[in-house]
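Structure record follows, encoded as structure tokens.
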């Protein structure tokens with residue numbers, strides 16, 4: 001029997017913090033996850049991403065604060081919250097005693113749902129593991145073991161799915177494959193929270209981004225807002241002939257000489273760009289024009305650097 | 001609906017129990033036959049070969065009267081206890097410790113399983129294995145000494161209570177241990193010496209007074225004596241004394257296990 005939702009919000013954190021003795025792993029966090037979104041948690045190693053996920057999924061318990069999953073408290077009503085949550089752990093684990101098919105059947109039982117061989121086979125097929133259905137788990141490659149972990153996390157059809165660095169050490173093709181799977185899950189109504197080092201991953205998948213550093217949640221923004229806020233696109237014009245050290249006065253004042261053949265100016269719209277171009281082409285041969293867009297990576301690096309600088 | 005949210009998750013508990021049974025049943029040569037062979041060798045050397053020269057074992061029973069039992073039959077309950085104790089201990093300790101090491105403990109921590117489910121499933125599977133091996137030892141020995149079972153209910157009580165206790169000790173050992181070496185402390189340095197000195201091969205009432213007193217502090221003595229009463233119908237220690245000692249030990253271990261699991265000791269980071 002599926003668990004009835006007491007609250008439409010998949011996840012609400014109120015002042016959730018975790019410390020180990022004197023060491024604070026996570027400073028109190030307030031966070032609400034929206035239904036059906038993909039939320040990416042970004043941060044360097046040891047920032048507290050996994051700690052946060054562990055507190056929600058049951059691997060650890062928070063020192064302060066309360067976590068609610070669809071209205072159920074993760075400490076008092078853990079049997080309900082764990083039925084609603086799926087976790088793909090960061091570290092690959094496998095039970096050498098069982099085959100992938102057996103693993104999934106056992107996992108269904110452990111999650112308290114009726115073991116369903118058809119569903120187990122469908123999950124194996126989705127994760128391209130059908131040909132290894134009855135192999136010993138230890139003979140699977142690293143990528144296959146990771147896909148098995150994802151299948152295991154889905155056996156009970158969780159409404160909130162955590163992916164803790166799902167594509168660490170995974171090749172490009174499989175990574176794209178996994179992204180498609182995640183998008184498919186989101187389309188089917190699953191709320192997804194993922195942690196990642198690959199900013200490309202967050203940029204491609206996430207609706208909202210949270211940045212965490214040294215146990216502190218620095219910001220939570222929609223990806224679009226974040227990119228807009230930190231938008232600092234640059235126009236870059238490459239000339240065919242070297243530029244003089246001192247630029248002629250005929251050139252637009254916004255342009256700066258980056259290198260002997262490269263000029264740059266901040267992006268100020270398409271009209272301004274046409275003006276810039278005509279001012280350059282009046283005296284020099286224009287070889288190439290490009291617009292460099294800020295990547296989430298640039299934003300992220302800036303944010304972390306700023307946070308470290310201010311001692312946050 | 002409320003049972004789904006707060007009540008014991010029976011399906012999850014059953015699954016965990018079956019998984020633990022499968023885990024040792026899949027490697028039955030190592031988990032069932034190997035201990036059976038070891039214990040049978042003890043029995044053949046001490047019980048049959050040595051027993052042929054010793055003849056009968058005379059000892060003072062709890063009723064104050066002298067008893068004579070063929071030596072071969074005398075050692076059977078102790079050897080059964082030895083195998084039941086070590087196999088129930090090994091089942092919980094190795095299973096839980098391995099999942100700690102290979103990371104599959106995550107499956108347990110993120111599943112809708114509470115302390116009652118985890119404790120019941122792990123201990124039942126270990127009790128099952130311990131008693132399976134104990135029963136096989138009883139059958140092998142029975143071929144030589146006859147199938148004695150004087151008080152079946154007492155035999156069952158002591159078998160279940162002792163395997164439950166040591167399954168619990170195994171669980172606590174696995175929670176506490178950080179490396180395989182830690183785990184081997186229990187069987188090699190605690191359980192085996194206590195068992196061998198717990199009146200498996202001799203009667204403690206025939207020891208010099210000082211040694212008899214020291215032996216009476218050995219908890220394993222009460223398990224051996226209790227099972228001896230269940231199987232042979234006679235024992236050195238009154239059966240009620242053994243029952244209280246064994247029952248109290250089980251209760252204490254179960255309470256400590258419950259507290260440890262509730263706190264997530266050795267499991268939750």
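The values are calculated or read from the model by the stated rules, or taken from the named source; none is laboratory data. Note that the coordinates shown come from a computational prediction; the quantities given were computed from them, not determined experimentally. Neighbour counts run over all protein chains shown; Cβ positions are idealised from the backbone, glycine included.
Just a few scattered comments:
- Answer from B:15, B:31, B:38 - the residue that is part of a helix (DSSP H, G or I), surrounded by 15 or more Cβ atoms within 10 Å (Cβ to Cβ) and at the interface with chain A (Cβ under 9 Å from one of its Cβ atoms): B:15
- Helices (runs of 4 or more DSSP H) enclosed by region B:43-157 - at least 3 residues per element that are within 14 Å of chain A (Cβ to nearest Cβ) and in contact with a helix residue (DSSP H, G or I) (Cβ under 8 Å, 6 or more places away or on another chain): B:71-102, B:105-109, B:115-145
- The set of residues in region A:107-119 that are outside any loop (DSSP other than H, G, I, E, B), touching a residue at least 12 places away in the same chain (Cβ under 8 Å) and either within 13 Å of chain B (Cβ to nearest Cβ) or more than 29 Å from the chain's Cα centre (by Cα) (or both) comprises A:107, A:108, A:117.
- Counting residues in region A:43-63 that are more than 14 Å from chain B (Cβ to nearest Cβ), more than 21 Å from residue A:189 (Cβ to Cβ) and touching a helix residue (DSSP H, G or I) at 6+ places or on another chain (Cβ under 6 Å) gives one or more.
- Any pair with Cβ under 7 angstrom, 6 or more apart, that starts in region B:206-220 at a residue that is farther than 20 Å from residue B:58 by Cα and ends at one that is part of a loop (DSSP other than H, G, I, E, B): B:218/B:197; B:218/B:198; B:220/B:198
- Just one of the listed residues (A:246, A:235) is in a strand (DSSP E or B) and either modelled with pLDDT of 85 or more or over 15 Å from the mean Cα position of the chain (by Cα) (or both), namely A:235.
- Within region B:206-260, the set of residues being at pLDDT below 90, part of a helix (DSSP H, G or I) and buried (at least 17 other Cβ atoms within 10 Å of the Cβ) comprises just one member, B:215.
- Residues (more than 25 Å from the chain's Cα centre (by Cα) and surrounded by 19 or more Cβ atoms within 10 Å (Cβ to Cβ)) located in region A:120-171: A:120, A:132, A:137, A:140
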